[in-house]
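**Q** The structure under discussion is supplied below as structure tokens; questions concerning it will follow.
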Amino acid sequence: MVNQQQTNNSAQLEDLTEALAAARRMQQDWLNYGLNFVHIYVEDVEGDWLETWGDDEISNSLFDALKDFLVSDDDVAIKIRKYIGDTSLFDLAVNLEECLRISREHDKTSAVKNVLANDLDLMDDLELLDLANNLVDKLL
């Protein structure tokens, strides 16, 4: 029991030593590079993270709208549920949400059609394309 406690204390001391060393390295980099030290520690500093701040909330609302739509009494939702097969509505909503994030409308519809082709049974290409177009129209 005493040996195990000493091992735990040693592990905690080692973790603390590593954290302290990392903090010291960061402080030294700050002194050496000024504000440019951020480029060492932060990925995509020059990216559009500030412009896209809050998109997760938008994405969550889109995902919630998708889930609500898929269980609704809408004709398109009923048709999707009729041919859903083994895929859960949740998984389908996740896949569709990724498709609806695509900016180009044609690519968005094609991606939705591909998801539906993978997840729905017994539909030909024209039916799938029509269903994808109707789905995109209703959700956007």
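The values are calculated or read from the model by the stated rules, or taken from the named source; none is laboratory data. What you see is a predicted model, and the numbers here were worked out from it, not measured in a lab. Backbone-built Cβ (ideal geometry, glycine too); neighbour counts: all protein chains shown. Surface areas here come from the heavy atoms of the whole protein model, side chains and all, with no ligands, DNA or RNA. Shrake-Rupley method; radii C 1.70, N 1.55, O 1.52, S 1.80 Å.
**Q** Using the Cα centre of the chain as origin and beta-carbon charges of +1 (Lys, Arg) and -1 (Asp, Glu), tell me which of N8, Q28, A132 is placed farthest towards the positive end of the dipole.
**A** N8
**Q** With a 1.4 Å probe and all protein chains kept in place, how do H39, H106 rank by accessible area, largest first?
**A** Details: H39 95, H106 130 Å².
Descending accessible area places them as H106, H39.
**Q** Please say if region 67-140 is rounded, prolate or oblate, where rounded means a/c under 1.5 for a ≥ b ≥ c the square roots of the C-alpha gyration tensor eigenvalues, and otherwise the choice is prolate for a/b larger than b/c and oblate otherwise?
**A** Rounded shape, in that the Cα axes give a/c under 1.5.
**Q** Working out 0.36 nm times the residue gap between V94 and V45, then minus their Cα-Cα distance, what length gain in nm do you get to one decimal? Can you show the working numbers first?
**A** Values: separation 49, 0.36 × 49 = 17.64 nm, distance 2.83 nm.
The V94-V45 span can extend by a further 14.8 nm.
**Q** Given Cβ point charges of +1 (Lys, Arg) and -1 (Asp, Glu) and nothing else, what value in debye, to the nearest 20, does the dipole of region 65-140 about its Cα centre take? Numbers along the way, then the final one.
**A** Numbers: 9 positive and 17 negative charges, 40 e Å.
I would put it at about 200 debye.
**Q** Another question about this same structure. If you average the sequence gap of Cα pairs under 8 Å that are 6 or more apart and divide by the length of the chain, what percent do you get for the contact order?
**A** Details: 74 pairs, mean separation 23.7, N = 140.
The normalised contact order for the chain reaches 17 percent.
**Q** If you don't mind, another one. Which order do F63, F90 take when ranked by solvent-accessible area (1.4 Å probe, heavy atoms of all protein chains), largest first? Walk me through the intermediate numbers first.
**A** On the way: F63 30, F90 110 Å².
Correct descending sequence by accessible area is F90, F63.
**Q** Can you give me the accessible area per residue for the chain, using a 1.4 Å probe, in Å²?
**A** Numbers: 10260 Å² over 140 residues.
So the chain comes to 73 Å² accessible per residue, rounded to a whole number.
**Q** Which of the following values of semi-axes √(5λ) of the Cα gyration tensor in Å was calculated from the structure shown: [x] 22, 17, 15; [y] 49, 24, 12; [z] 30, 14, 13?
**A** [y]
**Q** Using only helices, what value at 222 nm comes out for the chain when you add -39,500 (n - 2.57) per DSSP H run of length 4 or more and divide by the total residues, to the nearest 500 deg cm²/dmol? Don't skip to the end; give the middle numbers.
**A** Numbers: 7 runs with 102 residues, N = 140.
Dividing the helical sum by the residues of the chain leaves -23500 deg cm²/dmol.
**Q** Next question, about the same structure. Within a Cβ distance under 15 Å of A93, other residues only, what is the Lys/Arg minus Asp/Glu net charge?
**A** My count for the surroundings of A93 gives -3.
**Q** Packing-wise, with mean Cβ within 10 Å as the measure, how do 133-140, 11-18 rank, highest first?
**A** Numbers: 133-140: 15.6, 11-18: 10.0.
So the order, starting with the most tightly packed, is 133-140, 11-18.
**Q** Also: Net charge near K82, counting Lys/Arg +1 and Asp/Glu -1 over other residues with Cβ under 11 Å of its Cβ? Don't skip to the end; give the middle numbers.
**A** Values: positive: K79, R81; negative: D75, D121.
Overall, the nearby charge balance is 0.
**Q** Taking K and R as +1 and D and E as -1, what net charge do the other residues with C-beta under 13 Å from the C-beta of N8 add up to?
**A** Numbers: positive: none; negative: E14, D15.
Net charge in that neighbourhood comes out at -2.
**Q** Within the chain, which complete DSSP H helices have Cα atoms spanning at least 18 Å along the helix axis and a mean Kyte-Doolittle hydropathy of -0.5 or higher? Don't skip to the answer; put the middle values down first.
**A** Working: long enough: 2-33 (46 Å, -1.00); 55-70 (22 Å, -0.20); 105-119 (21 Å, -0.95); 125-139 (21 Å, 0.26).
Span-like helices here: 55-70, 125-139.
**Q** Tally up the carbon and sulfur contribution to the accessible surface of the chain as a whole percent, 1.4 Å probe, everything protein left in place. Provide the component values of the computation, followed by the final result.
**A** Working: 5290 of 10260 Å².
The computed percentage sits at 52.
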